[in-house]
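Participant: Can you keep this structure in mind? I'll have questions shortly.
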Amino acid sequence: MKRILFFIMFFTVAISTRAQVTLDECRHAAQENYPLVRQYNLIQLAEQYNLSNASKGNLPQINISGKASYQSDATTFPIDIPGIGIKGLPKDQYQALIEVQQNIWDGGQIHHQKKEIKAVSQENKYQLDVSMYALNEQVNQVFFGILLLNEQLHQNALLHDNLQRNLKNIEAYLNNGIANDADVDAVKVEILNTKQQRIQLSENRKAYLRMLSLLIGKQIDEQIQLVVPDMEDEISGDIINRPELWLYESQKQTVDIRRHALRAGYMPKFGLFAQGGYGNPGLDMLKDKFTAYYIIGARLTWNFGSLYTLKNDKQKLDTQRQQIESNRNLFLFNTHLKLAEQDGKINALQQQMKEDDEIIRLRTNIRQAAEAKVANGTLTVTEMLREVTAESLARQTQALHKIELLMNIYQKKHLTNTHTH
């Protein structure tokens, strides 16, 4: 029996634990479920392929070429030595050539190319981080929307219970001759209105739960309990740690790498080469026959053509860097404006919430007094219902203020990226 009771208790606790979900859990699940997350692996694979291709620039490069030609005239010797048959070059010439080149020093071109590949890959990851971070705001809106609907449904149930209690009292007053049928009907109308509102609120909650299910990739039951975030997590500072700032820094690093890479354009390049050929004529121009031959050596090239545009190229990259810095400053400016707006909303809600309890207390007193006056026959039921509705609206306003304050606090956290876990 003890084992059975323990199992039942454990199963009940496990069910209740699974039936709760927090905002952080929803955000993490949404990040893992969002289709865009698969691009992280694609970016990494693209970086590996590009780095591998760049590294192959240091491998021996093999070129094969062939040529067959016929020319209208060819070089001949102006003298004729008796006894020695010296022919000129043939007019039809053939050549097959294979050349192997080995890079020794390319002026740092491959080195800078690898650095740029890594920088661009990192920049793409940060750009993806920005897109993924925007998903958190969607989750916040849906999550707090459900919390608000939960509070509205709770207040709706309280109003319904209150009206049901008043209906019983009014029906008793009717039997005692204090009220009439119209008074009973007035209370019933309010009860029906409350039921209609509950239907609308319930359907809205189902729609929001479906949205949250799609975001996190898991089916959420209607009986799920969303844990209300802690109100104590409000942040006081305005330190911004958004992924957009990481993206701007990464973009500037990419520009700096490209600026340094300009130097490789006018640096000398040195390498080794080996050629093997077969043709007529060969290396010995005096032999009119097909021969094989080879050439090995070193080659130095130094092209100064990039110096003509070097100044403009640097200025163009400097302009890009200034544009990135301008975008960063604009982002910070707009974010600080939004933070100022959030602070104003938070302060206003905090001030309003200080009066909510007193308003509810007063509205409750007024409603109770109205009910007593109806019992004494000194107030109409319609007037009493107005006070019942006013008390319910006061409670709904308090619940709305609480959820709105949480929403604005977490929106401020989203603007600064200072979420606590």
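Read-outs throughout are calculated quantities, based only on the coordinates presented, and are distinct from any laboratory measurement. These numbers were taken from a predicted model, which means no experiment stands behind them. Virtual Cβ from ideal backbone geometry, glycine too; neighbours counted across all protein chains shown.
Participant: Can you tell which of Gln320, Asn347, Ile239 lies farthest toward the positive end of the dipole of the chain, using +1 and -1 charges on the Cβ of basic and acidic side chains (Lys, Arg; Asp, Glu)?
Facilitator: Gln320
Participant: Restricting to Cα pairs below 8 Å that are 6+ residues apart, what does the relative contact order work out to for the range 41-182? Please round to a whole percent.
Facilitator: In percent, rounded to a whole number, it is 24.
Participant: OK, next. On a straight-distance basis, which lysines could pair with Lys218 in a cross-link, Cα separation under 21 angstrom, same-chain partners fewer than 8 positions away excluded?
Facilitator: Result set, ordered by chain and number: Lys206.
Participant: Output the relative contact order of the chain, whole-number percent, from Cα pairs under 8 angstrom with separation of 6+ residues.
Facilitator: Answer for the chain is 23 percent.
Participant: How many angstrom lie between the C-alpha centres of the range 145-197 and the range 224-294?
Facilitator: 73 Å
Participant: Another question about this same structure. What angle do you read, to the nearest 10 degrees and between 0 and 90, between the alpha-carbon axis of helix 39-55 and the longest principal axis of the chain?
Facilitator: For helix 39-55, the angle is close to 10 degrees.
Participant: To the nearest 10 degrees, how steep is helix 23-33 against the longest Cα principal axis of the chain, on a 0 to 90 scale?
Facilitator: Helix 23-33 sits roughly 40 degrees off the main axis of the chain.
Participant: Could you give me the ³J(HN,Hα) list for the range 248-260, computed from phi with Karplus coefficients 6.51, -1.76, 1.60 and θ = phi - 60°, whole Hz, x at Gly and Pro?
Facilitator: My calculation for the range 248-260 gives 4, 5, 5, 5, 5, 5, 4, 5, 4, 5, 5, 5, 5 Hz in order.
Participant: Determine the sum of side-chain charges near Gln322: Lys and Arg each +1, Asp and Glu each -1, restricted to other residues whose C-beta is under 12 angstrom from that of Gln322.
Facilitator: In short, +2.
Participant: Cut-off 10 angstrom, C-alpha nodes, Gaussian network model of the chain. Which of Val130, Val381, Val189 fluctuates the most?
Facilitator: Largest GNM mean-square fluctuation: Val189.
Participant: Next up: I'd like the orientation of helix 181-216 relative to the chain: the angle between its Cα long axis and the longest Cα principal axis, in ° from 0 to 90, rounded to 10.
Facilitator: 20 degrees
Participant: To continue, here is another question. Give the cross-link partners of Lys91 among the lysines, using a straight C-alpha distance below 18 Å as the criterion and excluding same-chain residues fewer than 8 apart.
Facilitator: Lys67, Lys287, Lys289
Participant: Another question, then. For the range 256-338, what is the relative contact order in percent, using Cα pairs closer than 8 Å and at least 6 residues apart in sequence?
Facilitator: 30 percent
Participant: Which value at 222 nm does the chain reach when only helices count, each DSSP H run of 4 or more adding -39,500 (n - 2.57), with the total divided by all residues and rounded to the nearest 500 deg cm²/dmol?
Facilitator: When only DSSP H runs of four or more count, the value is -23500 deg cm²/dmol.
Participant: May I ask you to derive the FRET efficiency for Ala96 and Asn41 from their Cβ-Cβ distance with R0 = 51 Å, giving the value to the nearest 0.05?
Facilitator: Here the calculated transfer efficiency is 0.65.
Participant: Mind checking which lysines have their Cα closer than 24 Å to the Cα of Lys56? Skip sequence neighbours fewer than 8 apart in that chain.
Facilitator: Candidates past the 8-residue exclusion: Lys114, Lys115, Lys118, Lys269.
Participant: Residue by residue, what Karplus-based ³J(HN,Hα) values in Hz, rounded to whole numbers, does the range 105-112 have, using 6.51, -1.76 and 1.60 with θ = phi - 60° and x for Gly and Pro?
Facilitator: 8, 10, x, x, 5, 5, 4, 5
Participant: List, in order, the whole-Hz ³J(HN,Hα) value for each residue of the range 134-149 obtained from phi through the Karplus relation with A = 6.51, B = -1.76, C = 1.60 and θ = phi - 60°; use x for Gly and Pro.
Facilitator: 4, 5, 4, 5, 4, 5, 4, 4, 5, 4, 6, x, 5, 4, 5, 5
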